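What follows draws every value from the coordinates through simple rules; no lab data is involved. No experiment lies behind these values; they were computed from the predicted model shown. Note that we place each Cβ from the backbone using ideal geometry, even for glycine, and neighbour counts take in every protein chain shown.
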Amino acid sequence: MRLTLRQVQVFAAVARHQNVSRAAGELAMSQSAASSALVELERQFDCPLFDRIGKSLRLNATGRGLLPLAEDLLGRAAEIESVLAGGQLGPLSVGATMSIGNYLATLIVADYLQQHPGAAIDLKVANTRHILDDVLHCVLDIGLVEGEVNAPELLVEPWLADELVVFCAPGHALAAAGRASTEQLRGEHWVLREAGSGTRALFDRVVAPTLGRPLVRLQLEHTEAIKRAVEAGLGLACLSRLTLDEAFRRGTLVELRTGQFDLRRHFHFVRHRQRQLSPAGRAFMALCRSVGDGILASQALASRN
């Protein structure tokens, strides 16, 4: 075999960082050694993998096609090492969107580490756009998202049913009725998620067109900040029920029923089509499904009561 795992490792690290120096730091190599490994890989096959733009290296078409295969190979090598080291699960990188990350994924990661004490897992929380980009570029092994996925390179699997809920502060004029017509919602101020989030995309597709031009007072990245802004009387908002149930129980926020809008959606697993799912990935997704089943059972019980 003409290439080495070290060359593949350097290529993947440079692709992630778009910089040889940072890649070398990640791999605990000197910059010159990392640069030599990359140059030798390209020279061996007479096949450039990057476009050199100043000090930045951007994957060319060949490099983009190679990256998921390289990451898959490195993942399998890590599995071999874990078997030789006693059967422990290999490392895993997971990304979750804000609603999932702050209210579900952290708990699932904690359970995963309790069940597999020797495992290593990284969790990144960001909006849908950023999570999908990182899965697409093989920075993340698995994404947990609530937004739409349109990239053909990605494999999407349904996970958990969810819905968005319109809500207000207890002192708001609409709170007493607990519902709001489309006409009542027109002219209200809104506190919304930022563009690029799955929550905002669904709101913009289903609710916004019926309101003319929604009066957006604030755009915030974090659900807790939106909830605090609504509690302070800055307007209405629309978030996942998952993020609101506790506030509804406490009475600090009030749900406004809006049966005229279909705000149902699903959380999804997202993976790169060209990468095989590792044993660690399978174990993590199985745990996610188990937690999801428990949530659905709790929701069904609550609806009966």
> Hey, got the dipole for segment 1-154? About the Cα centre, +1 on K and R Cβ, -1 on D and E Cβ, debye to the nearest 20?
Replying inline: 540
> For the pair L218 and D133, how long in nm is the line joining their label points, each one 7 Å along Cα→Cβ?
Replying inline: 2.5
> Given V149, G75, T62, which one lies farthest toward the positive end of the charge dipole of the chain, if we put +1 on the Cβ of every Lys and Arg and -1 on the Cβ of every Asp and Glu?
Replying inline: V149
> Where in segment 5-33 is the amide nitrogen less than 20 Å from a point lying 7 Å along the Cα-to-Cβ axis of R52?
Replying inline: 7-8, 10-25, 30-33
>> Suppose every Lys and Arg Cβ carries +1 and every Asp and Glu Cβ carries -1, with no other charges. What dipole size does segment 88-305 come out with about its Cα centre, to the nearest 20 debye?
In response: 320
>> For F50, what residues show an amide H to amide H distance below 5 Å, using hydrogens built from the backbone and excluding near sequence neighbours?
In response: N60
>> Amide H of H189 versus every other amide H placed in the peptide plane: which residues, excluding those fewer than 5 positions away on the same chain, fall under 5 Å?
In response: L236
> Considering the dipole of segment 88-305 built from charges on the beta carbon (Lys and Arg +1, Asp and Glu -1) around the Cα centre, which of A247, V230, Q260 is farthest to its positive end?
Replying inline: Q260
> I121's amide H: which non-local residues (gap 5+, or another chain) put their own amide H closer than 5 Å, with H modeled 1.01 Å from N in plane and none for Pro or chain starts?
Replying inline: L92
>> Going by Cα centres, segment 129-185 and segment 66-126 are how many Å apart?
In response: 24
>> Output wanted: per-residue J couplings in Hz (rounded whole) for segment 4-11, from phi through Karplus 6.51 cos²θ - 1.76 cosθ + 1.60, θ = phi - 60°, x for Gly and Pro.
In response: 10, 4, 5, 4, 5, 5, 5, 4
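Multiply the residue separation of F45 and E153 by 0.36 nm, subtract the distance between their alpha-carbon atoms, and state the gained length in nm to one decimal.
Stretched fully, the F45-E153 segment lengthens by 36.3 nm.
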> So how far apart, in nm, are the two label points at R179 and Q276 if each is 7 Å from Cα heading toward Cβ?
Replying inline: 5.5
> Using the 10 angstrom Cβ neighbour count as an exposure proxy, how do I295, I226 rank, fewest first?
Replying inline: I295, I226
>> Going by average Cβ density within 10 Å per residue, which order do the peptides 43-49, 269-275, 142-148, 72-78 take, highest to lowest?
In response: 142-148, 269-275, 72-78, 43-49
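Which value in deg cm²/dmol, rounded to the nearest 500, describes the helix-derived mean residue ellipticity at 222 nm for the chain, given -39,500 (n - 2.57) per DSSP H run of n ≥ 4 and division by the residue count?
Value at 222 nm, helices only, nearest 500: -13500 deg cm²/dmol.
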> In terms of the Cα gyration tensor, with a ≥ b ≥ c the square roots of its eigenvalues, is segment 29-145 rounded because a/c is under 1.5, prolate because a/b exceeds b/c, or oblate?
Replying inline: oblate
